[in-house]
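Visitor: One structure is given below, represented as structure tokens, and several questions about it will come after.
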Amino acid sequence: MAERFLDKVYSARDGTSARKFYDKWSASYEAEVAENGYATPGRCAAALADRVADKTAPLLDFGCGTGLSGLALKRVGFETIDGVDLSAEMLAQARQKGIYRSLTHIEAGAPLPHSPGEYQAISAIGVIGAGAAPASIFHLLMKGLGAGGKMVFSFNDHALHDPIYEAALCEWLDCGAARLLFREHGPHLPGIDLKATVYLVEKL
Ligand SMILES: C[S@@+](CC[C@H](N)C(=O)[O-])C[C@H]1O[C@@H](n2cnc3c(N)ncnc32)[C@H](O)[C@@H]1O
């Protein structure tokens, strides 16, 4: 039987072990999440598509993985998607889909490989939370977004139980540096009875 990963993904790990974990999972990732009804890419893509008029403008899919998030974004009309991820093996799977304008391998926590404002839309779908990217990534992405730009992201129930993740969002909302356009708790991986909140914020 193929090795299962969902039962161990939500444990705390640093960038190096996250990269190794996702490299190992890359070949069976899509089958395992599909089997469990992975719903968050479609939910995030729909929320962003409803509020971004220009679907031709470049969009950064941060933590693009094998490209399931890019696929969902493409389906709702986004045409120019750049993906970044720390796992070379996940990126190799994304490359095979032929849907990204560019795919870039990044180090955990490294500065973003673009200048602030280059993207008016960023997605971080299933990326920030225990077992993957830390809360500090939220600040990195918000700083990399242009004024008036929008970011869609999700926190699953594990991330929602740890106040550090929503606190990162509140830091931006409470001082008026961003405003919340959409927030909805709903299915993430129904097969393991896990939900996620999808958020859409606008940087002011
Ligand atoms: C659960 S997968 C989600 C992938 C894709 N967005 C999707 O919806 O299928 C999480 C992804 O985040 C990437 N990741 C984790 N920590 C990261 C970090 N610090 N910087 C960039 N990517 C990271 C992992 O390599 C993995 O591909």
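Visitor: Determine whether ALA34 is hydrophobic (A, V, I, L, M, F, W, C) and more than 11 Å from the ligand (Cβ to nearest atom).
Guide: Details: hydrophobic (A, V, I, L, M, F, W, C): yes; more than 11 Å from the ligand (Cβ to nearest atom): no.
Criteria not met by ALA34.
Visitor: Yes or no: region 8-20 includes at least one residue that is without any contact (Cβ under 8 Å) to a residue 40 or more places away in the chain, in a helix (DSSP H, G or I) and surrounded by fewer than 22 Cβ atoms within 10 Å (Cβ to Cβ).
Guide: yes
Visitor: Need the failing condition index for VAL84 against (1) among the β-branched types (Val, Ile, Thr); (2) within 9 Å of the ligand (Cβ to nearest atom); (3) closer than 23 Å to ARG183 by Cα, just the number.
Guide: (3)
Visitor: Going by what's in this entry, would ALA57 be described as small (Gly, Ala, Ser) and away from the ligand (no atom under 15 Å from the Cβ)?
Guide: Details: small (Gly, Ala, Ser): yes; away from the ligand (no atom under 15 Å from the Cβ): yes.
It is true that ALA57 is small (Gly, Ala, Ser) and away from the ligand (no atom under 15 Å from the Cβ).
Visitor: For residues in region 47-104 being polar (S, T, N, Q) and not in a helix (DSSP H, G or I), which is surrounded by the fewest Cβ atoms within 10 Å (Cβ to Cβ)?
Guide: Quick first cut of region 47-104, residues polar (S, T, N, Q) only: 56, 66, 69, 80, 87, 93, 96, 102, 104.
Next, from what is left, pick out any that are not in a helix (DSSP H, G or I): 56, 66, 80, 87, 102, 104.
On the way: THR56: 9, THR66: 26, THR80: 15, SER87: 25, SER102: 12, THR104: 15.
The extreme case among them is THR56.
Matching residues to (1) more than 15 Å from the ligand (Cβ to nearest atom); (2) within 20 Å of TYR22 (Cα to Cα); (3) in contact (Cβ under 8 Å) with a residue 24 or more places away in the chain; (4) not in a loop (DSSP other than H, G, I, E, B):
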{"residue": "GLY126", "(1), (2), (3), (4)": "no, yes, yes, no"}
{"residue": "GLY131", "(1), (2), (3), (4)": "no, yes, yes, no"}
{"residue": "HIS139", "(1), (2), (3), (4)": "no, no, yes, yes"}
{"residue": "LYS143", "(1), (2), (3), (4)": "no, no, yes, yes"}
{"residue": "PHE153", "(1), (2), (3), (4)": "no, yes, yes, yes"}
{"residue": "TYR165", "(1), (2), (3), (4)": "no, no, yes, yes"}
{"residue": "CYS170", "(1), (2), (3), (4)": "yes, no, no, yes"}
{"residue": "ARG179", "(1), (2), (3), (4)": "yes, no, yes, yes"}
{"residue": "GLU184", "(1), (2), (3), (4)": "yes, no, yes, yes"}
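Visitor: Just give me the residues in region 50-84 being without any contact (Cβ under 8 Å) to a residue 24 or more places away in the chain and either touching a strand residue (DSSP E or B) at 6+ places or on another chain (Cβ under 6 Å) or closer than 12 Å to ILE125 by Cβ (or both), in sequence order.
Guide: ILE81, GLY83
Visitor: May I pose another question? Being among the small types (Gly, Ala, Ser) and more than 14 Å from PRO58 (Cα to Cα) narrows it down to one of SER115, SER154, so name that one. Let's see the steps before the verdict.
Guide: Details: SER115 fails: more than 14 Å from PRO58 (Cα to Cα).
Step by step, each of SER115, SER154 is checked, and only SER154 is among the small types (Gly, Ala, Ser) and more than 14 Å from PRO58 (Cα to Cα).
Only the coordinates and a few stated rules stand behind these numbers; no lab work does. Being a predicted model, the structure only gives us computed values, none of them experimental. Note: ideal-geometry Cβ built from the backbone for every residue, glycine included; neighbour counts use all protein chains shown.
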